[in-house]
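The values are calculated or read from the model by the stated rules, or taken from the named source; none is laboratory data. Model, not experiment: these values are computed from the prediction. Cβ sites come from the backbone with ideal geometry, for glycine too, and all protein chains shown count toward neighbours. In case anyone asks, the SASA skips ligands and DNA or RNA and just uses the protein heavy atoms, side chains included. Shrake-Rupley method; radii C 1.70, N 1.55, O 1.52, S 1.80 Å.
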Amino acid sequence: MGSTGTVLRELRGAQKTAKGVSLYSRYVNRPAGRVLAAAAFRVGLTPNQVTLVSAVFTFASLAALALAAPSWALGGLVWAGLVVGFAFDSADGQLARLTGRGGPDGEWLDHVVDCAKMILVHTAVLISLYRSDVYSVGERRSDTWLLLPLGFLFVAVLTFCAGLLREQLGKAAQRGGAGAAAPAGPVSPVRAVALLPADYGVFCLVFLLLGEPAAFLAGYAVLAVVHALFLVAFLAKWFRELRALRAA
């Protein structure tokens, strides 16, 4: 492969299906990841190294969230770092498909970083709420808000683990002769829009509100409720799909 343009064209042909993907991931994160994957290819990075770059951006942003006082500047910094980390998270898989250098070690590392991100993002919010006086009510400190990131953390981890298990059990069932994978159907624009609130990139936008504690807490609480509702819907859907594979 020669020019960056050639690499980008090759990457466009190495994309995952757009079915079941939100508009943000389809039109923002994946294209950004494609550009980063092309740049990583040009400088000779491996997919695993790109995964580690993603981790650096993500974990540095979360450390800042946990340790610094909430402000508009911090919110912009945290949002930018998380978004760039998310784009690199897309770039590692695209680079692996482009170069054929993917493998179980890379998939394992990617999942480990993703799991750590899901845990630490809400842990960082919890620490920020605990350390900062801007979330106090009147002259008395209220620790009730600390339950919110704990609940969100539970929802995020359960969604991640259940979704990963659904994927792996589905693959195992197909290998065991429970039927071939269903062909990818048409991409639904309605579904792509409906999935926006559950997209990590959209979730990151809430940190832009860090300069106004009441607005941040309100936005974070709304997202927690929405993600909980999505979890219920996803669990029911995944259970039906796995039961259908057993019947097959």
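Can you list residue pairs whose Cβ atoms sit under 8 Å apart, with the first residue in segment 122-133 being under 14 Å from V78 (Cα atoms) and modelled with pLDDT of 95 or more and the second being part of a helix (DSSP H, G or I) and of a type in the set (F, W, Y)? Count only pairs 6 or more apart in sequence or on different chains.
Note: pairs meeting the criteria are H122/F152; V125/F152; V125/Y220.
From the list F230, F203, F234, pick out the single residue that is modelled with pLDDT of 85 or more and closer than 22 Å to L65 by Cα.
F203
Let's see how each residue does on (1) surrounded by fewer than 17 Cβ atoms within 10 Å (Cβ to Cβ); (2) in contact with a helix residue (DSSP H, G or I) (Cβ under 8 Å, 6 or more places away or on another chain); (3) not polar (S, T, N, Q):
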{"residue": "Y24", "(1), (2), (3)": "no, yes, yes"}
{"residue": "N29", "(1), (2), (3)": "no, yes, no"}
{"residue": "A39", "(1), (2), (3)": "yes, yes, yes"}
{"residue": "P47", "(1), (2), (3)": "no, yes, yes"}
{"residue": "F57", "(1), (2), (3)": "no, yes, yes"}
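Filter segment 65-92 for residues that are within 14 Å of the chain's Cα centre (by Cα) and under 22 Å from Y130 (Cβ atoms); which is surrounded by the most Cβ atoms within 10 Å (Cβ to Cβ)?
L82
Output the residues belonging to segment 228-248 that are in contact with a Ser or Thr (Cβ under 7 Å, 6 or more places away or on another chain) and either open to solvent by less than 40 Å² (accessible area, probe 1.4 Å) or not in a helix (DSSP H, G or I) (or both).
Listed by number, the list holds a single entry, L231.
Is it true that D114 is within 27 Å of A60 (Cα to Cα), of a type in the set (D, E, K, R) and at pLDDT 85 or above?
It is true that D114 is within 27 Å of A60 (Cα to Cα), of a type in the set (D, E, K, R) and at pLDDT 85 or above.
Working only within segment 21-34, note down all residues that are over 9 Å from A87 (Cα atoms) and free of Cβ contacts under 8 Å to residues at least 60 places away in the same chain.
Selection gives Y27 alone.
Among what's in segment 93-121 and is without any contact (Cβ under 8 Å) to a residue 12 or more places away in the chain and assigned to a helix (DSSP H, G or I), pick the residue that is surrounded by the fewest Cβ atoms within 10 Å (Cβ to Cβ).
Restricting to residues being without any contact (Cβ under 8 Å) to a residue 12 or more places away in the chain and assigned to a helix (DSSP H, G or I), the top hit is P104.
Can you tell me which residue in segment 177-200 is modelled with the highest pLDDT, limited to those that are open to solvent by less than 40 Å² (accessible area, probe 1.4 Å) and assigned to a loop (DSSP other than H, G, I, E, B)?
Looking at the filtered set, the residue picked out is D199.
If a residue must be in contact (Cβ under 8 Å) with a residue 40 or more places away in the chain and either closer than 19 Å to V157 by Cβ or not in a helix (DSSP H, G or I) (or both), how many such residues does segment 213-227 contain?
Residues meeting the conditions: 5.
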